[in-house]
1. Out of (1) at negative phi; (2) in contact with a strand residue (DSSP E or B) (Cβ under 6 Å, 6 or more places away or on another chain), what's the single condition that is false for GLU4?
2. Going by what's in this entry, would ARG101 be described as closer than 30 Å to LYS33 by Cβ and either over 14 Å from the mean Cα position of the chain (by Cα) or touching a residue at least 40 places away in the same chain (Cβ under 8 Å) (or both)?
3. Suppose the filter is more than 19 Å from VAL151 (Cβ to Cβ), of a type in the set (Phe, Trp, Tyr) and either assigned to a helix (DSSP H, G or I) or free of Cβ contacts under 8 Å to residues at least 60 places away in the same chain (or both); does TYR16 pass it?
4. Is there a residue being of a type in the set (Gly, Ala, Ser), under 15 Å from the mean Cα position of the chain (by Cα) and more than 20 Å from LEU28 (Cβ to Cβ) anywhere in the stretch 53-73?
5. Restricting the stretch 84-101 to residues that are touching a helix residue (DSSP H, G or I) at 6+ places or on another chain (Cβ under 9 Å) and outside any helix (DSSP H, G or I), which is nearest to ARG144 (Cα to Cα)?
6. Is it true that THR76 is part of a helix (DSSP H, G or I), closer than 20 Å to ALA14 by Cβ, free of Cβ contacts under 8 Å to residues at least 24 places away in the same chain and among the hydroxyl-bearing types (Ser, Thr, Tyr)?
Amino acid sequence: MCKEEFDHVVIFQAIYYVEDRLRLFRHLFNSLKPRGTIYFEEFCRLKVIENCEEQAALDFFLQYLNTLPTHLDYSTMLEESGYEVTVHDISDTYREFPQQRWEKWVEQHDSSVCLYGEDMVDSWLQIYVTAMKLCNEYGLMGGRRFVARKV
């Protein structure tokens, strides 16, 4: 990427797959024009794990992600990279997301099995069931919208 090439970068539910987020944010900082912004939405961990059941659900979910940072973890990395950060709690929307995705997978089960195989479809269904528990039953996971402006 060229230096200071972009006005804005938009990312949706992908940063938690990146191992070195601080490096990513610094790279994006160098790629943004002055006053450029990164806009992203992510699932975030909302609280400390309270019991073995919550830990087991999170461990299962983390098989598919690198980690599940808190919004403060993200904010700190962004600020360390030189951004001015605004965070919006969008957990209400994110509580609905796994349910909607699960319903879609169930609705398209047969065609999805033909495309991806039964093991893959069953895995995705279990991921969304677990995400529903983490968001709704345990209150362990929610959503945040980050707007990080290069200063």
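1. Of everything listed in (1) at negative phi; (2) in contact with a strand residue (DSSP E or B) (Cβ under 6 Å, 6 or more places away or on another chain), GLU4 misses just condition (1).
2. Values: closer than 30 Å to LYS33 by Cβ: no; either over 14 Å from the mean Cα position of the chain (by Cα) or touching a residue at least 40 places away in the same chain (Cβ under 8 Å) (or both): yes.
No.
3. So TYR16 fits the description; yes.
4. No: zero hits.
5. Result: ASP89.
6. Considered against the rule, which asks whether it is part of a helix (DSSP H, G or I), closer than 20 Å to ALA14 by Cβ, free of Cβ contacts under 8 Å to residues at least 24 places away in the same chain and among the hydroxyl-bearing types (Ser, Thr, Tyr), THR76 comes out as yes.
For (1) closer than 22 Å to VAL129 by Cα; (2) touching a helix residue (DSSP H, G or I) at 6+ places or on another chain (Cβ under 8 Å); (3) surrounded by fewer than 14 Cβ atoms within 10 Å (Cβ to Cβ), each residue gets a yes or a no:
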site	(1), (2), (3)
TYR17	yes, no, yes
HIS27	no, no, yes
ARG35	no, no, yes
CYS44	yes, yes, no
LYS47	yes, no, yes
HIS71	no, no, no
GLY82	no, yes, no
TRP105	yes, yes, no
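One line per residue, one yes/no per condition, for (1) surrounded by fewer than 13 Cβ atoms within 10 Å (Cβ to Cβ); (2) at pLDDT 95 or above; (3) out of contact with any strand residue (DSSP E or B) (no Cβ under 6 Å at 6 or more places or on another chain):
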residue	(1), (2), (3)
ILE38	no, yes, no
GLU41	no, yes, no
PHE60	no, no, yes
VAL85	no, yes, no
TRP102	no, no, yes
MET120	yes, no, yes
SER123	no, no, yes
TYR128	no, no, yes
PHE146	no, yes, no
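The values are calculated or read from the model by the stated rules, or taken from the named source; none is laboratory data. The structure displayed is predicted, hence computed values, not measured ones. Methodologically, a virtual Cβ is constructed for each residue, glycine included, from the backbone with ideal geometry; neighbour enumeration extends over all protein chains shown.
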